[in-house]
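Have a look at the structure below before the remarks.
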Amino acid sequence: ILNVEQSPQSLHVQEGDSTNFTCSFPSSNFYALHWYRWETAKSPEALFVMTLNGDEKKKGRISATLNTKEGYSYLYIKGSQPEDSATYLCAFKKTSYDKVIFGPGTSLSVIP
Amino acid sequence: EAQVTQNPRYLITVTGKKLTVTCSQNMNHEYMSWYRQDPGLGLRQIYYSMNVEVTDKGDVPEGYKVSRKEKRNFPLILESPSPNQTSLYFCASSFTWGNRAATNEKLFFGSGTQLSVL
């Protein structure tokens with residue numbers, strides 16, 4: 001069984017703070033790592049799909065890095081805003097022919 | 001508009017009454033999958049399909065059936081629903097394999113189906 005882990009489980013930050021959280025995945029046989037943002041009462045939406053060791057992706061104030069050799073990815077949010085409050089999911093794919101395996105998510109609450 | 005359409009959005013039923021939740025995508029995606037979301041447990045995969053007529057069990061397949069007779073549709077069937085299947089269900093789809101880049105393989109999710117089994 002492949003395990004994808006995320007930490008912390010939940011996070012409360014003040015508006016304007018920068019924050020980051022971690023996704024850990026098996027470091028052998030890597031194909032892709034996804035990040036999704038999941039707001040309450042909505043469906044998950046893709047933020048990034050990362051495939052290469054050392055990849056860095058950025059979308060506005062959100063960025064992500066990838067280390068496939070050690071099996072982790074970081075998601076960073078700069079200057080958190082209340083609208084960033086959501087659960088952030090990472091998902092791992094071992095090969096192109098495999099299913100997508102989700103981590104348990106990090107729940108972020110940004111306090112105004 | 002590219003989308004994954006799930007129906008119904010809400011469903012209340014009774015134990016043992018067969019039901020089907022439909023999922024359809026208009027993006028020509030090969031990969032389709034069903035998940036359930038329960039408080040504190042995140043997204044758990046029920047079944048997935050890599051292409052037409054190819055389906056595989058996910059982490060929690062018991063009590064569910066699926067079929068993939070056409071590329072666009074991936075219905076979830078509960079032959080005899082039980083109260084422990086009360087949950088929020090999501091269908092998702094993506095491109096996979098072939099000559100597309102992995103970065104194109106992000107999942108698109110339906111709007112969810114809230115199922116209550118009494």
Exercise. Which of the residues spanning the stretch A:91-112 are within 14 Å of another protein chain (Cβ to nearest Cβ) and out of contact with any strand residue (DSSP E or B) (no Cβ under 7 Å at 6 or more places or on another chain)?
Worked result: A:Lys94, A:Thr95, A:Ser96, A:Asp98
For this session: Could you tell me which residue of the stretch B:29-50 is surrounded by the most Cβ atoms within 10 Å (Cβ to Cβ), considering only residues that are more than 10 Å from chain A (Cβ to nearest Cβ) and without any contact (Cβ under 8 Å) to a residue 60 or more places away in the chain?
Result: B:Trp34
Problem set entry | Cross-chain or 6+ apart pairs with Cβ under 6 Å, the stretch A:27-53 first and in contact (Cβ under 8 Å) with a residue 12 or more places away in the chain and within 7 Å of chain B (Cβ to nearest Cβ), then in a strand (DSSP E or B) and among the hydroxyl-bearing types (Ser, Thr, Tyr) | A:Pro44/A:Tyr36; A:Ala46/A:Tyr36
Problem set entry | Condition met for B:Tyr64 (surrounded by 14 or more Cβ atoms within 10 Å (Cβ to Cβ) and at the interface with another protein chain (Cβ under 10 Å from one of its Cβ atoms)) | no
Exercise. Right, A:Tyr88: more than 24 Å from B:Met50 (Cβ to Cβ), surrounded by 13 or more Cβ atoms within 10 Å (Cβ to Cβ), in contact with a strand residue (DSSP E or B) (Cβ under 8 Å, 6 or more places away or on another chain) and within 12 Å of chain B (Cβ to nearest Cβ) or not?
Worked result: yes
Seminar exercise, completed: Those residues of the stretch A:79-112 which are under 14 Å from the mean Cα position of the chain (by Cα) and not hydrophobic (A, V, I, L, M, F, W, C) amount to A:Asp84, A:Ser85, A:Thr87, A:Tyr88, A:Lys93, A:Gly103, A:Pro104, A:Gly105, A:Thr106, A:Ser107
Exercise. Filtering the stretch A:2-32 down to residues that are in a loop (DSSP other than H, G, I, E, B) and among the hydrophobic types (A, V, I, L, M, F, W, C), which residue is surrounded by the fewest Cβ atoms within 10 Å (Cβ to Cβ)?
Worked result: A:Leu2
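Quick one: would you say A:Lys78 is among the basic types (Lys, Arg) and either over 17 Å from B:Glu105 (Cα atoms) or within 11 Å of chain B (Cβ to nearest Cβ) (or both)?
The answer is yes for A:Lys78.
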For this session: Return yes or no: is B:Asn51 within 19 Å of B:Gly112 (Cα to Cα) and not aliphatic (A, V, I, L, M)?
Result: no
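Read the figures in this text as sums done on the coordinates, not as results from a lab. What you are looking at is a predicted structure, and each value in this text was computed from that prediction instead of being measured. Glycine gets a Cβ as well: all are built from the backbone with ideal geometry, and neighbour counts include every protein chain shown.
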